[in-house]
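What follows is a short report on a single structure.
Each value in this text was obtained by applying a stated rule to the coordinates, not by laboratory testing. All values reported here derive from a predicted model rather than from experimental measurement. Don't worry about glycine lacking a Cβ; one is built from the backbone with ideal geometry, like all the others, and counts go over all protein chains shown.
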Amino acid sequence: MSRDVGGRAKYRLIAGDLRDAINSGSYAPGERLPGENALMERYGVARMTARQALSVLQNEGLTSTRKGAGVFVRDFRPIVRQGISRLSRDGWGTGRGVWDSDEDRRALTVDKVKVRETKASGYIAEALGLEEGETVITRNRRYLLDGRAVLIASSSLPASIARGTAIADKDTGPGGVYARLAELGLAPSRFREDLRSRMPTETETSMLGLDAGTPVITIARTAYTAEGTPVELNEMTLDASAHVLRYDFDA
């Protein structure tokens, strides 16, 4: 591996210089970075070293590659996901969606909505307190912000609750699923979220348009009534480079 006099891998030195330039604003969002040839000449390194340096920045989510055009500073403002206030009944109970607290007045849209009946198995049945093979209504959708896919989600609800209601429609109406559950006397009173980070599957990479090396954050949220009955399991897959997860709570 090519190293500088300090023993540091040269590709990391180059990546560090470019990172500092991006963070200082020397390279603005959307601006093209020097290509492999320019880096080879500037630093006197082999093409592989220059390529590794650019890959580091892409893996950190600072850049994106446009085929045939080069490497560019990412021009995207992260979504700040309000982990607690977004689930307040003051929001969905008054007709607002839970995403309204996150999108910062930017155009959030939903596409690829699919609603179907499936058989609950494994962890889904366990999370909802169902027997294996019981029917659930599953709602799959993808969320776009500024025209870019940022999240895919799949909600599962017992069919005994959701069948024949607006929950089983593509458009659930003002306030979304939680408002409809409230109308059925099953308003969510408590939530539990399990978060983890991992590398995406091929399907997730395709649906979210992820650059190589970009991880995802998965959130499995279970909604419970005041009596402790689980009424929904929502499994979300987030583009980790596009989100900041924020939790404000009292000591």
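List the lysines whose Cα sits under 26 Å from the Cα of Lys10, skipping any in the same chain fewer than 8 residues away. Straight-line reach from Lys10, under 26 Å: Lys67. Per-peptide packing, taken as the mean over residues of other Cβ atoms within 10 Å, places 60-73, 229-242 in the sequence 229-242, 60-73 from highest down.
Per-residue 3J(HN,Hα) values for region 51-63, derived from phi via the Karplus relation 6.51 cos²θ - 1.76 cosθ + 1.60 with θ = phi - 60°, read 5, 4, 4, 5, 5, 4, 5, 5, 5, 7, x, 7, 9 Hz in sequence order (x marks Gly and Pro). Highest mean packing comes first when the peptides 186-199, 161-174 are listed by Cβ atoms within 10 Å, giving 161-174, 186-199.
Potential lengthening of the chain between Met199 and Ala251 amounts to 15.4 nm, from the contour at 0.36 nm per residue minus the alpha-carbon distance. For the chain, a simple Cβ point-charge model (Lys and Arg +1, Asp and Glu -1, everything else neutral) yields a dipole of about 780 debye relative to the Cα centre.
Report, to the nearest 10°, how far helix 10-24 tilts away from the longest principal axis of the Cα atoms in the chain, using its own Cα long axis and a range of 0 to 90°. Once rounded, the angle reads 70 degrees.
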